[in-house]
Amino acid sequence: MSISNLAYIHPNAQLGENVTVEPFAVIYENTQIGDNTWIAPHAVIMQGARIGRDCKIHSGAVIANIPQDLKFKGEETVAIIGDRTIIRECATINRGTADKQKTEVGQDCLLMAYVHVAHDCVLDNHCILSNGVQLAGHVEVGYHAILGGTSAVHQFVKIGAHAMIGGGSLVTKDVPPFIIAARYPVDFEGVNLVGLRRRGFSNQQITQIQEIYRLVYQSGLNTSQALEEIENTVEASQERDVILGFVKNATRGIVKG
């Protein structure tokens with residue numbers, strides 16, 4: 001363990017093995033930091049932080065500050081950071097409110113500089129949030145999703161697994177899995193072919209995903225009709241069921257074609 005004598009660490013903070021805390025970092029009480037994690041100079045780890053193993057928290061990042069929500073009454077909540085996740089300079093991750101009691105960032109994520117993750121957001125594993133991405137409260141982001149720089153996401157929006165959001169987008173509707181969405185107002189730009197191929201999806205899987213989204217966005221059917229047509233004509237698969245489940249449960253409606 002390497003702890004600078006110029007850092008402040010509350011006596012009740014729990015640090016794992018081989019944690020590095022650089023000068024002028026601040027770690028509050030009621031915090032947990034996993035083995036081999038590095039805390040950079042001037043990073044601030046506030047009460048309720050639960051940081052996993054092998055993480056890197058860069059300078060100016062603030063983890064587990066109280067929510068920017070006027071309904072918050074000081075309830076005890078947490079901000080969870082999964083193993084091997086990297087939080088870059090000046091990113092902020094607020095802890096949860098009474099709604100979910102937690103904000104959670106999964107394992108192997110990368111949150112670049114000046115990202116903001118508001119209260120009660122949930123990010124699955126392997127997400128990438130590029131510089132300046134802003135997530136309002138209660139946003140859910142699926143695994144392997146990528147959000148381009150300076151994108152802003154409305155509260156309660158859901159972004160599906162393997163989706164990609166173009167830089168500078170304003171996302172006010174749910175974004176189904178496996179697609180690219182971009183521009184303002186944000187809309188469907190096609191299937192995320194490059195991302196899916198990089199992650200080992202077969203040509204057969206990709207072709208089926210393309211056929212599903214052709215029915216959703218290019219067939220002239222409304223969403224309910226398209227879902228019925230998909231159930232009746234597209235062979236059952238994990239990808240088909242993921243898309244159907246997401247669209248059926250899209251409380252804000254899905255992005256337009």
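Panel order for LEU6, LEU221, LEU111, LEU227, by other beta carbons found within 10 Å of each beta carbon, from fewest to most: LEU6, LEU221, LEU227, LEU111.
Distances between placed amide hydrogens fall under 5 Å for ALA49 paired with GLN32, ALA79, all partners being 5 or more residues away or on another chain. Backbone amide hydrogens, once placed in the peptide plane, bring VAL122 within less than 5 Å of GLU104, VAL139, GLU140, VAL141, excluding anything fewer than 5 places away on its chain. Applied to the range 215-223, the Karplus parametrisation 6.51 cos²θ - 1.76 cosθ + 1.60 on θ = phi - 60° returns per-residue 3J(HN,Hα) values of 5, 6, 10, 10, 8, x, 7, 6, 4 Hz, with x for Gly and Pro. Calculated from the structure at hand, Cα extents along the principal axes in Å is found among (i) 49, 41, 31; (ii) 65, 39, 29; (iii) 50, 43, 35 as (ii). For the chain, the dipole from Cβ point charges (+1 on Lys and Arg, -1 on Asp and Glu) about the Cα centre works out to 420 debye, to the nearest 20. Projecting the Cα atoms of VAL62, PRO23, ILE51 onto the charge dipole of the range 17-94 (Cβ charges, centred on the Cα centre) puts VAL62 farthest toward the positive pole. Computed over the chain, relative contact order equals 9 percent, with contacts defined as Cα pairs under 8 Å that lie 6+ residues apart.
Here the relative contact order of the range 2-138, from alpha carbon pairs under 8 Å that lie six or more residues apart, stands at 15 percent. Taking K and R as +1 and D and E as -1, what net charge do the other residues with C-beta under 15 Å from the C-beta of GLN14 add up to? Once positives and negatives cancel, what remains is -1.
Only Lys, Arg, Asp and Glu carry charge here, each on its Cβ (+1 for the first two, -1 for the last two); on that basis the range 87-188 has a dipole of about 120 debye about its Cα centre.
In the structure shown, do any of LYS71/LYS256; LYS73/LYS100; LYS71/LYS248 have a Cα-Cα gap over 25 Å, and if so which? Flagged as over cut-off: LYS71/LYS256; LYS71/LYS248.
Measuring nothing but how far apart in sequence close Cα pairs (under 8 Å, 6+ apart) lie, relative to its length, the range 98-223 scores a relative contact order of 14 percent. In a simple Cβ point-charge model (Lys, Arg +1; Asp, Glu -1; nothing else charged), the range 2-138 has a dipole of about 180 debye relative to its Cα centre. Taking amide H as placed 1.01 Å from N in the peptide plane, the amide H of ALA182 sits under 5 Å from that of GLY166, ASP187, GLU189, each at least 5 places away or on another chain.
For the range 159-257, GluC sites (Glu not before Pro) are listed when DSSP marks them as loop and at most 10 other Cβ atoms sit within 10 Å of their Cβ; the list is GLU235. Legend: calculated FRET efficiency, GLU17 to THR251, from the Cβ-Cβ distance at R0 = 45 Å, rounded to 0.05, equals 0.60. Considering only THR223, THR92, THR37, the Gaussian network model of the chain with Cα springs below 10 Å gives its largest mean-square fluctuation to THR223. Counting only residues at least eight positions apart within a chain, or on another chain, the aspartates and glutamates with an alpha carbon under 15 Å from that of LYS173 are GLU140, ASP187, GLU189.
Listed values for the range 10-16 are Karplus-derived 3J(HN,Hα) couplings in whole Hz (6.51 cos²θ - 1.76 cosθ + 1.60, θ = phi - 60°), namely 4, x, 8, 5, 10, 10, x, and x replaces Gly and Pro.
Each of GLY106, GLY142, ASN222 was scored by the projection of its Cα onto the charge dipole of the chain, and the greatest displacement toward the positive side belongs to ASN222; charges sit on the C-beta of Lys, Arg, Asp and Glu. Residues LYS56, LYS248, ranked from the fewest to the most other C-beta atoms within 10 Å, line up as LYS248, LYS56. Scalar couplings 3J(HN,Hα) for the range 119-132, obtained by applying the Karplus form with A = 6.51, B = -1.76, C = 1.60 to θ = phi - 60°, are 4, 6, 6, 10, 10, 6, 5, 6, 7, 10, 10, 6, 3, x Hz; x denotes Gly and Pro.
Every read-out reported here was derived from the displayed coordinates using simple, explicitly stated rules and does not represent laboratory data. This structure is a prediction, so every number in the text was calculated from the model and none was measured. Counting neighbours? That spans all protein chains shown, and the Cβs are built from the backbone with ideal geometry, glycine included.
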